[in-house]
1. Inspect all residues belonging to the stretch 148-157 and state whether any of them is within 28 Å of Ser93 (Cβ to Cβ) and touching a residue at least 24 places away in the same chain (Cβ under 8 Å).
2. Which numbered condition trips up Thr104, out of (1) crowded, with 17+ Cβ neighbours inside 10 Å; (2) touching a helix residue (DSSP H, G or I) at 6+ places or on another chain (Cβ under 6 Å); (3) not basic (Lys, Arg)?
3. Looking at the structure I just gave you, is Glu33 surrounded by 12 or more Cβ atoms within 10 Å (Cβ to Cβ), touching a residue at least 12 places away in the same chain (Cβ under 8 Å), under 12 Å from Thr219 (Cα atoms) and of a type in the set (Asp, Glu)?
4. Being among the hydroxyl-bearing types (Ser, Thr, Tyr), within 25 Å of Asp74 (Cα to Cα) and not in a helix (DSSP H, G or I), is that true of even one residue in the stretch 132-149?
5. Could you please let me know if Thr314 is within 28 Å of the chain's Cα centre (by Cα) and either exposed (fewer than 13 other Cβ atoms within 10 Å of the Cβ) or modelled with pLDDT of 85 or more (or both)?
6. Just one of (1) buried (at least 16 other Cβ atoms within 10 Å of the Cβ); (2) not in a helix (DSSP H, G or I) trips up His112, so point out which.
7. Quick one: which of Phe592, Phe516, Phe521 is among the hydrophobic types (A, V, I, L, M, F, W, C), within 20 Å of Ala618 (Cβ to Cβ) and surrounded by 13 or more Cβ atoms within 10 Å (Cβ to Cβ)?
8. Here are the criteria: (1) in contact with a helix residue (DSSP H, G or I) (Cβ under 8 Å, 6 or more places away or on another chain); (2) assigned to a loop (DSSP other than H, G, I, E, B); (3) modelled with pLDDT under 75. Tell me which single one Pro495 does not satisfy.
Amino acid sequence: MLLVVAATVSLTVLSIFLLAKNEMTEAITSAGERHARDLLHAISLSVSTEYDSLLFHRATTLERRKAELENIIDIALSSLEENHHKQLNKELSPEQARRMASETIRRLRYDHGVGYFWINDMQRPVPRMIMHPTLPELNGKVLDNPMFNTAQGINENLFSAAVNVCDQWGEGFVDYLWPKPTAEGLTEQQPKISYVRLFKPWNWVLGTCVYIDDIESETQKRLSAIILELKKTFANVRVANTGYMFLFNGKREMLIHPHLEKKEFASLVNPATQAPLVDDLMAASRTPDQSIDYIWDKPGFKGEYRFKKRAFITYFEPLDWYIGSSMYLDELTRPSIELQNRIMLLSLLPFAVAMLIALFLARSMTKPLWRLTRAARTIESQGLAAADIPIGGTREIQALGRVLEEMVESLRRTEAQLCSANWELETFVNTVSHDLRAPLAPIIGYAQLLKEQHRDKLDEEAIGYIDEIEAQAEKMLEHMEDLLTLSKSGYLERPDSPISSQDVIQQVLYNLKECFSEEEFACFDIHPLPLVSLPESQLYEVFANLISNSIRYSKSEDEPIEIGAESRGDKVRFYVRDHGQGIPEEEREGIFRLFERGSTSCNTRGTGIGLAIVQKVAQTYGGGAWVEETPGGGCTFWVEFEEPSHDASATMNPTG
């Protein structure tokens, strides 16, 4: 009892501890992950806001430059309109007007002499240069040199792009790349924007341009400032104890990290997958709400790649940036472990108190309960006659003792009533069977006598009636014999020494040969059978019924009827296996009830009592009977008996 109470208390404490442990670990881990995701989300929002500001500044500056180019073109276009007007007034010829207008445009400068204008025609597929002030060698030539294929976004000839813009809208902007002249010479190609407008009277394209590399330079400075600001923010952020934020770009360059250098990052390998770490992190960015786990080193343990780490990655596409928030798992679980230890220590005190209470209760309850248990075991081993129920202990135990005492008295009365009822029932069955059998012998005898002595006076129909009377009387007699057998198949004492089931079956087969013709009688395959501690008469009835059934229903001449046995601990099982037409599954349980026969036995003689006898004998000796389907068709009847006195498996004897 004490052990039960102790085990119960221990199990309760352990269950609470484990439940608390799991709940705390999950809660703390979830809180850490939520903190990491929240940080990531906040940083992403900050980056998005800064990027919008960057775009606004760049767009505002660029729009101001575009407006300036439009105003400058308006001024230059007035010169073309003036010369065209003179042409219309016959003051100048068309050639003179165009030449003077071109010359005027060639001399125009702005932006401290750096800004200029050019004129090309609308020829397709590639236009011709009419006038270029700084590259006069282009004048009159088709502008199809590959050096002009620098229009951004479409990678086509920048002058063809200008013609397309003017043809579609009459005016517009063209972005392209072009070397920039400096005091040291030409630079690499720099971003540039041109504004072009169509002068329809002469079908000229008037254009001017300006470098915007200073805008891009300013944008890059602002971007660097954003990175610097993020670096300061990341330095003040900690995920758990030593976890941190980091930032890298699509070029596999680490932009912000507390320990790694820019070039070092691209060559790092994930120890868990042996793949480049940057590839795994980029792949994880596709599911920013899901983490990626990997093994990494830790501050204070540089180069020791044995610490489990968890990271959340999000991708900011406009800047091709990957923002990460990472933490070490042992730091997430450490608070829960410390809390669990405190809970365990606090649990020891109530556990000790519970054990003292359990000890007291055990001493007060164990003794009377043990006495009740001993009395119950006495009833089990010696029967109700030896029952002596003690009354003592607590009120509940005393009540239990009285209930057991009343139950024993009730069982004694019921046992006496059952014995009396069984004796009366057996007497009744014997009497009825005897009284019903008595008239059957004269009926059969007179039927046979009438048929033998008066055959010449009877026609075939009358003889058939007499045969039917004889057959039904014999069937009734067989019923009476089976009923008598069933009524007598009660419990008989087991023999002092085991009997040979092999000999019993041989006797059954010998006797059954007289009941079946040579065509009906099947061949048998008898496996080694055990010695059993069962009354020989009861075992004979079981095998006689099972084997006769198999002979009646077995239709296979090629397959023998198998008889065998197997041992299962203190049980021994016999089987009789035939290869006949079988029994439907829904009828297999019912055929062991009195007077019930399967649907397949309608045309076969039988009383419906034989299998009931088999079941009754099996249950009397601690077992049962059932039927299974034989593989390939047919029935396998099993009957099981309890063999408590010896190991049946050690007494198998071969076929005699």
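1. Within the stretch 148-157, not a single residue is within 28 Å of Ser93 (Cβ to Cβ) and touching a residue at least 24 places away in the same chain (Cβ under 8 Å).
2. (1)
3. Numbers: surrounded by 12 or more Cβ atoms within 10 Å (Cβ to Cβ): yes; touching a residue at least 12 places away in the same chain (Cβ under 8 Å): yes; under 12 Å from Thr219 (Cα atoms): no; of a type in the set (Asp, Glu): yes.
In short, no.
4. To start, the set of residues in the stretch 132-149 that are among the hydroxyl-bearing types (Ser, Thr, Tyr) comprises 134.
Now narrow it down to the ones that are within 25 Å of Asp74 (Cα to Cα): 134.
Now narrow it down to the ones that are not in a helix (DSSP H, G or I): 134.
Scanning the stretch 132-149 turns up at least one residue that is among the hydroxyl-bearing types (Ser, Thr, Tyr), within 25 Å of Asp74 (Cα to Cα) and not in a helix (DSSP H, G or I).
5. Values: within 28 Å of the chain's Cα centre (by Cα): no; either exposed (fewer than 13 other Cβ atoms within 10 Å of the Cβ) or modelled with pLDDT of 85 or more (or both): yes.
Here the answer is no, as Thr314 does not meet what is asked.
6. (1)
7. On the way: Phe516 fails: within 20 Å of Ala618 (Cβ to Cβ); Phe521 fails: within 20 Å of Ala618 (Cβ to Cβ).
Just a single option satisfies the conditions, and that option is Phe592.
8. Answer for Pro495: the failing condition is (3).
The values are calculated or read from the model by the stated rules, or taken from the named source; none is laboratory data. Just so you know, these numbers come straight off a predicted model, no measurement behind them. Cβ: placed from backbone, ideal geometry, glycine included. Neighbour counts: every protein chain shown.
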